[in-house]
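The values are calculated or read from the model by the stated rules, or taken from the named source; none is laboratory data. None of these values were measured; they are calculated from a predicted model. With ideal geometry, Cβ positions are generated from the backbone for all residues, glycine too; neighbour counts draw on all protein chains shown. Note: accessible area is taken over every heavy atom of the protein model, side chains too, but ligands, DNA and RNA are not part of it. Shrake-Rupley method; radii C 1.70, N 1.55, O 1.52, S 1.80 Å.
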Amino acid sequence: MPSEFHTTRRIEFSDTDMAGIVHFSRFFVFMEAAEHAFLRSLGTSVAGALDGRSVGWPRVGASCDYLNPARFEDRLDVRLTVMRKGTRSMTYGFEFRRGEVLIARGRLSTVFCECAPGQPFRSIPIPGSIADQISESSEEEGGDDAEG
């Protein structure tokens, strides 16, 4: 059962700001893209249907710490870890590295919900077909690896 998922991200020109480094907001896009790839690897999606109901994973919290700059054409290794798997929610941790250099570290919390049109989202248990494929990581969040 995976508690970890790896992918890569090539920094595009549109990801950068006028200083030529990745704009801070793009890391949230990168986290979401990694989460989508992780869920696809399990045969599911961030949005879909379950027993005729629309379901999804709305975000309830997101944060990112920036430790070193990334620039146009850099290739970042993205590591997603399942930090917490509850009955209705998950919290992911993310590390972005360029080689051995830690660029950023993020966190994303989501809740599995029924998303009926015109109704408030309602949290529901994560289906066993998804939950049974995922385990929590046993490792603690890392310390500060900033390198200048």
Reported to the nearest 10 Å², Asp65 has, with a 1.4 Å probe, an accessible area equal to 90
Once phi for every residue in region 26-31 is put through the Karplus expression 6.51 cos²θ - 1.76 cosθ + 1.60 (θ = phi - 60°), the whole-Hz ³J(HN,Hα) values, with Gly and Pro written as x, are 5, 5, 5, 5, 5, 5
For region 64-77, in residue order, the Karplus 3J(HN,Hα) values (coefficients 6.51, -1.76, 1.60; θ = phi - 60°; whole Hz; Gly and Pro = x) are 8, 10, 10, 10, 8, x, 10, 10, 3, 6, 5, 10, 9, 8
Largest fluctuation, Ser137, Ser25, Ser45 only, Gaussian network model of the chain with Cα springs under 10 angstrom, belongs to Ser25
log10 I(q)/I(0) for the chain, Debye formula on C-alpha points only (no solvent), q = 0.14, 0.15, 0.16 Å⁻¹, two decimals, reads -0.70, -0.79, -0.87
With 0.36 nm assigned to each residue of separation and the Cα-Cα distance removed, Arg84 to Arg53 gains 8.6 nm
Per the charge dipole of the chain (beta-carbon charges, Lys/Arg positive, Asp/Glu negative, Cα centre), the residue among Ala47, Phe28, Ala70 reaching farthest to the positive end is Ala47
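Report in % the part of the accessible area of the chain that belongs to carbon and sulfur, leaving out ligands and nucleic acids; probe 1.4 Å. Each step should come with its number before you reach the end.
On the way: 4060 of 8020 Å².
Ligands and nucleic acids excluded, carbon and sulfur give 51 percent.
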For Ala37 and Arg122, extending 7 Å from Cα along the Cα-Cβ vector and measuring point to point gives, in nm, a value of 3.6
Residue-normalised value, i.e. accessible area per residue, for the chain at 1.4 Å probe, in Å², stands at 54
For Val29, the accessible surface traced by a 1.4 Å probe with all protein chains present amounts, in square angstrom to the nearest 10, to 60
Under 5 Å from the placed amide H of Ser3, counting only residues 5+ away or on other chains, we find Ser135
SASA check, Ile21, accessible area w/ 1.4 Å probe, all protein chains in place, rounded to nearest 10 Å², comes out at 50
Mean separation of Cα contacts under 8 Å (at least 6 apart) over the residue count of the chain, i.e. the relative contact order in percent, is 28
Checking Arg71, Arg122, Arg97 against a Gaussian network model of the chain (alpha-carbon springs below 10 Å), the top fluctuating residue turns out to be Arg122
Between Phe28 and Ile130, Cβ-based FRET efficiency (R0 30 Å, step 0.05) works out to 0.85
